[in-house]
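In what follows, a structure is listed as structure tokens, so that the remarks can point back to it.
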Amino acid sequence: MTLKKKQLKNKLDAISSANVQCIDALEFVLGDLPISVRKDFIQALRDTQEHLKNMDSLFKLMTKSL
């Protein structure tokens, strides 16, 4: 894997990890808000996490063929 690809992979991994930590923190911080508001925030972050997983899979496919 070239340096540029490795750097991109590291960035994607860091974003994904940070997003998981953000979900955990929001679940704690939003504890006093109505359940519907909490669910919306958390679902948006989970959707983002799923998108990041898809980007990671796409990245793997792209670099596999190179």
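The calculated FRET efficiency for the pair Gln43 and Thr63, based on their C-beta separation and a Förster distance of 30 Å, comes to about 0.45. Estimated from the Cβ-Cβ distance and a Förster radius of 25 angstrom, the FRET efficiency linking Met55 and Ala25 is about 0.65. Look at (1) 47, 16, 10; (2) 60, 12, 4; (3) 32, 12, 5: the one that is semi-axes √(5λ) of the Cα gyration tensor in Å derived from this structure is (3).
Rounded to the nearest 500, the helix-only mean residue ellipticity at 222 nm of the chain stands at -31000 deg cm²/dmol, with each DSSP H run of n ≥ 4 adding -39,500 (n - 2.57).
Readers should treat all values here as calculations from the given coordinates under stated rules, not as data from a laboratory. The structure presented is a predicted model; accordingly, all values stated were derived computationally and were not measured. All Cβ positions, even for glycine, are placed from backbone atoms using ideal geometry, and neighbour counts span all protein chains on display.
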